[in-house]
Amino acid sequence: MSFDYKKAIELSLFGKDTSIHYFYIIEGYDYLGFGITKNPHSRNSDYTLFGKVIPFVYLYRGTKSDINSLEHQYKRGLYPLVQIKEKNREWFADEANLDLNTFKKMVDKQISDWDSEIVLCAKDYRYTECPGLEYLKEAVLNEED
Amino acid sequence: MEALQLKIDTTFPFKWKEIPAAFATNPYIQYYELDKYIATFRSMEDNFKTACQDSEVKTALKKLVDSGIKVYPHEMNRAITIRLGDYVIPDDLQRILDCPHLAGILNNFNSSCLDILRGIVHSKMGPSSSDAQHTATLIALLVHVGIFVDENGNKYDNWQDYEYQMWGRKSDSFAECRIQFQTSNGDGKKPQTAYMKIKNQVKTVRIDGDTSNKKYVEIEKKLSMAESYGCYPLSDKFAKTDFSNCFSHINGFAKSPIEAIELACKYQSTYFYNDELNSVVWSFWRQIQSQFSLYDIQITDKLMYELASLVQRVFKTNFAFKEAVDAAFKEWNAARGVVTDKKREEAAYGPALIQMYKACGGTEQVPRSMMQEYVSTDVINGITYSLIKEIDEAKKYYVV
């Protein structure tokens, strides 16, 4: 059996705490995209293109259910999506007519409508300048930050 | 809002929050077709043009032309008139006669649904069935009892001499029979979707006014119930677009009794009107309705409000509730040392919701049976494994 480095890193970084999940908004490949992950560091590195880091413009943190629910709102088929590079990486198609600010406002409104404990924990998150996952688990950013 | 006028139980930690409706009118309504007649017809010319322009069809057709195949008129299947008494059923390729199936057809008898027989005309055996032995038997019975009569209304002398049409051709190859059997039993055919099924059933009743089929009438009643709460099935075209209050899990809807459909749609349209009607909603209301009625316990508006509050405050959506129970089911099995490939169990949603409700301090009466499911005890070590203890998001609220 081969050693699963990815799993080992995940465990060392997160311990057994699987309840924390992250929702990210990303701009790259001429598209606006989003996704969820337990490990922003590893996921952000997945988007690297020929060494160029594509940051998560906004990174939110919440419970697994809240983050699942949030992602589900944009994967219900109400907004046309395209998949590029890899499957299960969601990007809005041009016909969705969504820009970053509009999408961010939609996300924030949804969080507020639900009174969810989802918080914004990082902006322009790059795995190469990783602020540390322990930090992400605690960080709360204000809009002005 | 009716829900907010309920007397709120102070021991229960969750209060449903009213969220502004995303749309004043459901945008899917403009595409909804089950309540209207579509008065358009497509010509064969249209279909021919569409097929000719399709790249996949073009490639397949070219391959066939290049193979040099030719089919002559005498090789074509055609309708052949046969004497019913001559029709034989090869045991080697046909199923045994299914009398309950036959009785089912008789119970819903409709002469317009009678199909043509299928088979080959064998040089020694004569007309040999490749399919429709039940149809042939049914016709024999109907002739025998005098339901099928001649032009003058007279009973036929016997069913054996009755003539009926068989689709096939002359052949001594039973391989053809086998292939026909496979084809007429679905092999290579595009299966009817669950939506198409209810569409035709409902339109038979609504548009054509035909109420002779009890099953169709029942489905129409169920749909009317769902529509009365603003809940609609998504057509195949929109199956991946989860409009609010709409559902694509047609089988979940169709197999639910009308009482469960009313509960599910009321719950959906009162509390989760901005979300799609997730398949889990059918599942847990079907289970709750069935168990509560078994124990003759009333499902109160207060219980529905509190269940909705729990789902909304803890999981935000029914989708996430389902995901959480699925994940817990996996963990629960692992904790008990049960090895299974099952990633989810539909029957777990109702008991999990009711058990969480009670664990969070819910005071409405619930059936004892629902509290005992997905709970197992290791008698030797004195450990109790409960599925809901594996639901991380909810367990911090458990007081019992």
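Here, each number is a calculation from the coordinates, and none is a lab measurement. The shown structure was predicted, so the numbers you read here are calculated from the model rather than taken from an experiment. As a convention, Cβ positions derive from the backbone with ideal geometry for all residues, glycine included, and neighbour counts pool all protein chains shown.
For the protein assembly as shown, give me the percentage of DSSP beta bridges that are antiparallel, rounded to the nearest 5 percent.
Antiparallel bridges: around 85 percent, rounded to the nearest 5.
List the residues whose amide H sits under 5 Å from the amide H of B:C246, counting only those 5 or more places along or on another chain, with H placed 1.01 Å from N in the peptide plane.
Here the answer is B:Y232, B:L277, since their amide H atoms fall under 5 Å of that of B:C246.
Please report, largest first and rounded to whole Å, the three semi-axes of the ellipsoid equivalent to the range B:93-134, where each semi-axis is the square root of five times an eigenvalue of the C-alpha gyration tensor.
Those come to 24, 13, 6 Å.
Can you compute the charge dipole magnitude of the range A:16-136 about its Cα centre, using +1 on each Lys and Arg Cβ and -1 on each Asp and Glu Cβ, nothing else charged? Give it in debye, rounded to the nearest 20.
Here the range A:16-136 has a charge dipole of around 280 debye.
Just need the Rg to Rh number for the range B:69-111, please, alpha carbons only, Kirkwood Rh. Intermediate values should be presented prior to the final figure.
Values: Rg = 16.2 Å, Rh = 14.3 Å.
Rg/Rh: 1.14.
Grab the DSSP H runs of chain B that are 4 residues or longer, score each as -39,500 (n - 2.57), total them, divide by all residues and round the 222 nm result to the nearest 500 deg cm²/dmol.
-12500 deg cm²/dmol
Could you give the size of the charge dipole of the protein assembly as shown about its Cα centre, using +1 on the Cβ of each K and R and -1 on the Cβ of each D and E, expressed in debye and rounded to the nearest 20?
Details: 67 positive and 75 negative charges, 123 e Å.
Its charge dipole is roughly 580 debye.
Using a Gaussian network model of chain B with C-alpha springs under 10 Å, which one of B:P20, B:P351, B:P257 is most mobile by mean-square fluctuation?
B:P20
When Rg is the radius of gyration of the Cα atoms in the range A:55-145 and Rh is its Kirkwood radius, what does Rg/Rh come to?
On the way: Rg = 13.9 Å, Rh = 14.5 Å.
Result: Rg/Rh = 0.96.
Most exposed first by the Cβ proxy, i.e. fewest other Cβ within 10 Å, how do B:V281, B:V338 rank?
B:V338, B:V281
Quick check for me: using +1 on Lys/Arg Cβ and -1 on Asp/Glu Cβ, what's the dipole size of the range B:334-389 about its Cα centre, in debye to the nearest 20?
Values: 7 positive and 6 negative charges, 19 e Å.
That gives the range B:334-389 a dipole magnitude of about 100 debye.
Points 7 angstrom from Cα along the Cβ direction at B:V399 and B:I147: gap in nanometres?
6.3
Using the number of other C-beta atoms within 10 angstrom as an exposure proxy, rank A:T48, B:T137, B:T317 with the fewest first.
If I rank by nearby Cβ atoms, fewest first, I get A:T48, B:T137, B:T317.
Amide H of A:I118: which non-local residues (sequence gap of 5 or more, or other chain) have their own amide H closer than 5 Å, using H built in the peptide plane?
Close amide H contacts, sequence-distant or interchain: none at all.
Expressed as a whole number of Å, what is the distance separating the alpha-carbon centroids of the range B:73-121 and the range B:190-249?
So the separation of the two Cα centres works out to 30 Å.
Which percent of Cα pairs goes in each bin when the distances of chain B are cut into 20 angstrom slices starting at zero?
Values per bin, smallest distances first: 20, 40, 30, 10, 0.
Taking the Cβ-Cβ separation of B:K62 and B:Q298 as r and a Förster radius of 51 Å, what is the calculated FRET efficiency to the nearest 0.05?
On the way: r = 67 Å, r/R0 = 1.31.
After rounding to 0.05, the efficiency reads 0.15.
Whole number please: convex hull volume per residue of the Cα set in the range B:74-172, in Å³? Working shown, then result.
Numbers: hull volume 10.9 nm³, N = 99.
Once divided by residue count, the hull of the range B:74-172 is 110 Å³.
Applying the Karplus parametrisation 6.51 cos²θ - 1.76 cosθ + 1.60 with θ = phi - 60° to the phi angles of the range A:96-102, what ³J(HN,Hα) value in whole Hz is obtained for each residue in order, glycine and proline being reported as x?
5, 6, 10, 10, 4, 5, 4
More than 40 Å apart: what percent of Cα pairs in the protein assembly as shown qualify? Present the calculation step by step, with values, prior to reporting the outcome.
Values: 66585 of 148240 pairs.
Here the long-distance tail beyond 40 Å is 45 percent of all Cα pairs in the protein assembly as shown.
If I take every Cα pair under 8 Å that is 6 or more residues apart in the range B:74-172, average their sequence separation and divide by the length, what percent do I get for the relative contact order?
About 44 percent, as a whole number.
Which of B:M356, B:M371, B:M304 comes first, and how do the rest follow, when ranked by fewest Cβ neighbours within 10 Å?
Ordered from fewest to most neighbouring Cβ atoms within 10 Å, B:M356, B:M371, B:M304 come out as B:M371, B:M304, B:M356.
Between the range B:13-68 and the range B:300-370, what is the C-alpha centre distance in whole Å?
Between the Cα centres of the range B:13-68 and the range B:300-370 lies a distance of 36 Å.
For a 27 Å ceiling on Cα separation, which of these pairs sit above it: B:K240/B:K343; B:K322/B:K389; B:K215/B:K302; A:K64/B:K240; B:K15/B:K358; A:K105/B:K316?
B:K215/B:K302
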